[in-house]
Amino acid sequence: MSEFKALDGTGAVAEAMRQINPDVVAAYPITPQTAIVQTFSEFVADGLVDTEFITVESEHSAMSACVGASAAGARVMTATSSAGLAFMWEILYVAASNRLPIVMTNVNRALSAPINIHCDHSDSMGARDAGWIHLFCENAQEAYDTVIQAVRIAEHPDVLLPVMVLFDGFITSHAEERVEIFDDAKVKAFVGEYKPKHSLLDLDHPVTYGPLDFTDYYFEHKRQQVEAMRHAQKVILDVADEFAKTFGRKYGLFETYRLDDAEVAIVVSSSTAGTARAAVDKLRAQGAKVGLLKPRVFRPFPAQEMVAALQHLKAVGVMDRAISFGSMSNAGPLFLELAAAMKIYDAGVPMADFVFGLGGRDIVPSQIEGVFRSLLQIAETGRVSELVSYVGVRE
Amino acid sequence: MAKGWKDLPIGGMILEAGNSAQYNTGAWRAFRPVRDASRCTNCMFCWVFCPDSSIRVKDEKMVGFDLLHCKGCGICANVCPVKCIEMHDEAEFGGSMEMVDEPGRAGGAK
């Protein structure tokens, strides 16, 4: 039987990790992720899990220990945020390139400087080309559900890629919510036992991970990673289907809200999607045909599927919680990628980018209503006067 | 012929012990050593100095180069006291990895 508990995002993820009972967790504390591994370390100390918990001196070491343990055939998990993710940088690529199915929660937090511990998406967006699967979550329940699914996605033989589970620092990580915690045995059965094909500890079948790979083979191994990413989309959907059958909640590549008959829509991920849903309802009550698309899977980017869901619109606004400095119009990464997809697949819909919430700056329903009003104006005139604007910044 | 991405173990994993013998490091080579056998005195300087053990010797005679592993460093040509080894641009050979033991003659010692 499921139980309903009052948990914040970190507590929900720690519960999922307790139920998954990974072989190894190597982690270093960093706000706002700390509560995940702190809570989990209590489970270790209390004997509720069999996990080998490795306390390390840095995030670079945390991910390195995860790489070693995963290559040894262990089911491995960790968590980080912001500068911690940045410090893992080199080893993020090693994990993905060595095809190690590590599951890591990254609680999205701004990068220094100036130093800031609050939410934006600069950290994981910076790591978007490292070869990890990126799954964004709106709330604590989604974080819990997604961590459970992430294990299955990462370890699928057609994928074997590490997965980042992402949600908003403090907003989701530290706000208490009603979270459904499934029966331990059901989660255990769902994630199953990890049976690695190649393990460093399998002495009868010795294997080398991560050897020198020069001009003659490196390119082929990168091409293999592309293939794994291609397979990942189907595996993500298959795992979501099985999750829905087992636990009742449905997940896809993204979620739409009042989008089918909308004329304009906002594309925004994570906790802000919840705020946007309230703005949609308010404007719908006033007769405005507005809708929402909440991306869940950012890597692999579901370009064609998103275009198919958005191409009937008269204007699309992307809300980015990060800036790709120096890119086209200094836009955000989500906008840049979606705008490219909309052009490539001939959607012909005017688009604009709305950068918001950097360093944890609040975003409130009235501001999202303002974004919708800008989009309704674009729909009416067919003209985009400002390609990128900044919601909530003081001039 | 090196394997394509569909036939290689993922992530560069090595699944077989001792398989470095199958790794043709000669594929990196930019310059190929070519020997004029008529002037060679079989002094074995090249055999001593070759860092990749790529000098073929049979019955105390230098018989050619292991071009599958020779990286083309040119040390053999440099140390040869009678200068009977010359380094040639790999492009002259059309990118082939054939065994050559003297100018113009393909198919040397295995």
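Before moving on, here are some points about what is shown:
- Any hit, the range A:201-223, residues being within 11 Å of another protein chain (Cβ to nearest Cβ), within 22 Å of the chain's Cα centre (by Cα) and buried (at least 17 other Cβ atoms within 10 Å of the Cβ): no
- Any hit, the range B:42-63, residues being away from chain A (no Cβ under 13 Å), in contact (Cβ under 8 Å) with a residue 24 or more places away in the chain and over 17 Å from the mean Cα position of the chain (by Cα): yes
- Flag: B:D66 does not match the condition of being among the acidic types (D, E) and either surrounded by fewer than 17 Cβ atoms within 10 Å (Cβ to Cβ) or within 14 Å of chain A (Cβ to nearest Cβ) (or both).
- Among residues of the range A:224-238 being within 8 Å of another protein chain (Cβ to nearest Cβ) and in contact with a Leu (Cβ under 9 Å, 6 or more places away or on another chain), the one that is farthest from B:R29 (Cα to Cα) is A:A228.
- Number of residues in the range A:167-197 that are surrounded by 17 or more Cβ atoms within 10 Å (Cβ to Cβ) and either small (G, A, S) or free of Cβ contacts under 8 Å to residues at least 60 places away in the same chain (or both) equals 3.
- Residue tally, condition touching a Pro at 6+ places or on another chain (Cβ under 6 Å) and within 14 Å of chain A (Cβ to nearest Cβ), over the range B:13-41: 3
- Top-ranked residue in the range A:242-261 [being more than 28 Å from A:I171 (Cα to Cα) and not β-branched (V, I, T); ranked as surrounded by the most Cβ atoms within 10 Å (Cβ to Cβ)]: A:E242
We did not get these values from a lab; they are worked out from the coordinates using the rules stated. As the structure is a prediction and not an experimental result, all values here were calculated from the model. All Cβ positions, even for glycine, are placed from backbone atoms using ideal geometry, and neighbour counts span all protein chains on display.
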